[in-house]
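Shown next, in C-alpha cells, is the structure this report addresses.
Bear in mind that the values in this text are calculations on the coordinates, not laboratory data. What you are looking at is a predicted structure, and each value in this text was computed from that prediction instead of being measured. Cβ: placed from backbone, ideal geometry, glycine included. Neighbour counts: every protein chain shown.
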Amino acid sequence: MRPPADVPSQLARLARPSRVLVTAGMPYANGPLHLGHLAGAMLPADIYARFWGMVIGRGKVLFVSGNDDHGSTSEVAALQAGLPVREHVDRIHEAHARTLARFNIGLDIFSGTSRPGCLPVHTELCHQFLRRLQAKGMLSVQSSRQWYDPSAGRFLPDRLVRGRCPNPKCGAPDAYSDECDACGHQHDPALLQEPKSALSAATPELRETAHWWLDMLPAAGALLEWIKGKEKRWRKPLYTWAMEYALPSLRFANAHEEAYKALRGSLPPHKMKYAPGKRVALQFNDFPGQEAALAALAAAGLPAEPARDWMRRPVTRDIAWGVPLPGAEPALAGKTLYVWPDSLVAPISFTRECLAARGAGPEEWRDWWCDPRARVSQFIGQDNAFFYVLMQGAMWLGQRENHGGVPGAGEMQFNDVISRFPPPGGGSP
Ligand SMILES: [Zn+2]
C-alpha cells in the first residue's frame, strides 16, 4: 500500500537531520552573476534551505556561499579589466553580493576565499587538510611538463593558456591547459594544440615543473562504498556517472580479446566494453573482484592493468594568486594550492566565518560537517561533479585515521550533490 500523499502525512514520515548545511556552487570572481548561477544553483539551494528551516527550525540550517577568488580565472579577468587582482576581485564580490540581495537569496553568509574575514581561517583549514593528506601518503611531489611563457617569465597553468582541444571529436579553438569547456575533455597540457599565452604574444614552450599530486587510490574502496549508498538518494544520471568512475576497472589491448573470451566464465562478475586506444575494459563490482581478475589474467599470460588514470591529479600551481602551501617541500617553494581543492575547503571556511560572527568557537563547524546525524547538501554546476564527488570524497576520507568503511562520528561526512546532469561530453573516466 502506498503511504498517504497529503503534506502532513509526508512531513510526519520525513527523517529529520539534526542540522542541514547547504552550499551553492561558488561563483568565480571573474564577471557578473549569470542566470545559470542564480537559477541553476542559488535559487534551488535557497528553496531547500528555507524548506529545512521550516521543518527543523532555521537555527539548525546554515546556507553558505562565497566567491571562488583564487586561481587563473580571476587573474585573467583582472588582466583583461586592466586592474590589480585584489581590486578586481573586490569589485566583483560587491556586485555579486548586491545581485544576491536583490534576488532575496537567503544566505547566512556570502564571503570569498581571499576576503580578510575568511583568508586566515581558510589558509589554516587548507593547511590542515594538506598536512593530513601528506601524513597519509596521499600527496607526492612529481614533475610534469607545463606551458611556460618565456617573455612573461612564468608558467601558464589552466586559463593562462588557450589552444585547440586535442579531443579528435571536438577540436574547439578555446580549450584551456588541461580541460576543454566545449566538450568536457580533460587532457595532458602537452597535448594542447596551437597554444597561445594569455600574458604576451610569445609562443609558449613546455617546461618541467614539480607539483604535489593527490593520490586518491587509498580512498577508492571507501569512496565506492559511499557512492553505492547514494543509489536511492541521488538523481539517477549522477549516480550512474559516479559509479562509472568508482567501480574498479582494468584494461588490456584488444589484440587479447579472444584469449580473454576463453577465460571470461572463470573471472569474477564483470561488464566488458571497448575503451579508447584499441583497448578492452572490464568493470568489476568491487576491488577484490578486480584483483582476482588481474591475477587470473596474469597467470594466463594476458597483460592487463588497473584503470586508475583519474585517481592522480596535480593539486598545486605555479601561480602567486592563491593559498600558499604549508612548509617544507623545497621543490614547491613559491607555489600555491590549485583552485579546486581550495574551493572544496572553502564552504567549511565560510561556515567557520559565519559561526564566529555568531560567537561560536573555532571547532563548532564540526557539528555541521562531521556529525552523521547532520546533512551537507551541495548545489553545484553540472560540470563540477568530478571535484565535488570524487576529489572531495578522497580528500575527506584522507582526513581520518584509517581508510576502511564509510566515515563515523567526528569524521568528515560525505555530502549530497544536487546538480543538473550529465556533464558536457558525458565525462566518463
Ligand atoms: Zn573539446
Q) Taking K and R as +1 and D and E as -1, what net charge do the other residues with C-beta under 15 Å from the C-beta of Thr113 add up to? A) -3
**Q.** the stretch 143-215: relative contact order as a whole-number percent, Cα under 8 Å and 6+ apart
**A.** 39 percent
Q. What dipole magnitude, in Debye to the nearest 20, does the chain give about its Cα centre under +1 on Lys/Arg Cβ and -1 on Asp/Glu Cβ?
A. 1160 debye
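Taking a temperature of 4 °C and a viscosity of 1.567 mPa s, what whole-number D in µm²/s does Stokes-Einstein yield for the stretch 143-215 with Rh from Kirkwood over alpha carbon pairs?
The Stokes-Einstein estimate is 106 µm²/s.
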Q.
With N set to the number of residues, divide the alpha-carbon radius of gyration of the chain by 2.2 N^0.38 Å and report two decimals.
A. 1.03
Q) Unpartnered cysteines of the chain (Cβ-Cβ under 4.7 Å counts as a partner)? A) Cys118, Cys126, Cys354, Cys370
Q) Among Phe386, Phe51, Phe155, which one moves the most in a GNM of the chain with springs linking Cα atoms closer than 10 Å? A) Phe51
Q.
Placing +1 on the Cβ of each Lys and Arg and -1 on the Cβ of each Asp and Glu in the chain, which of Trp340, Pro17, Ser140 has its Cα farthest towards the positive end of the resulting dipole?
A. Pro17
Q. Most mobile of Arg115, Arg132, Arg154 per a Gaussian network model of the chain (Cα springs, under 10 Å)?
A. Arg154
Q.
For the pairs Lys278/Lys335; Lys136/Lys261; Lys60/Lys236; Lys232/Lys335; Lys230/Lys271; Lys228/Lys335, flag any whose C-alpha to C-alpha distance is greater than 32 Å.
A. Lys278/Lys335; Lys136/Lys261; Lys232/Lys335; Lys228/Lys335
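How big is the charge dipole of the stretch 141-192 about its Cα centre, in debye rounded to the nearest 20, if each Lys and Arg gets +1 on its Cβ and each Asp and Glu gets -1 on its Cβ?
In debye, rounded to 20, the stretch 141-192 gives about 120.
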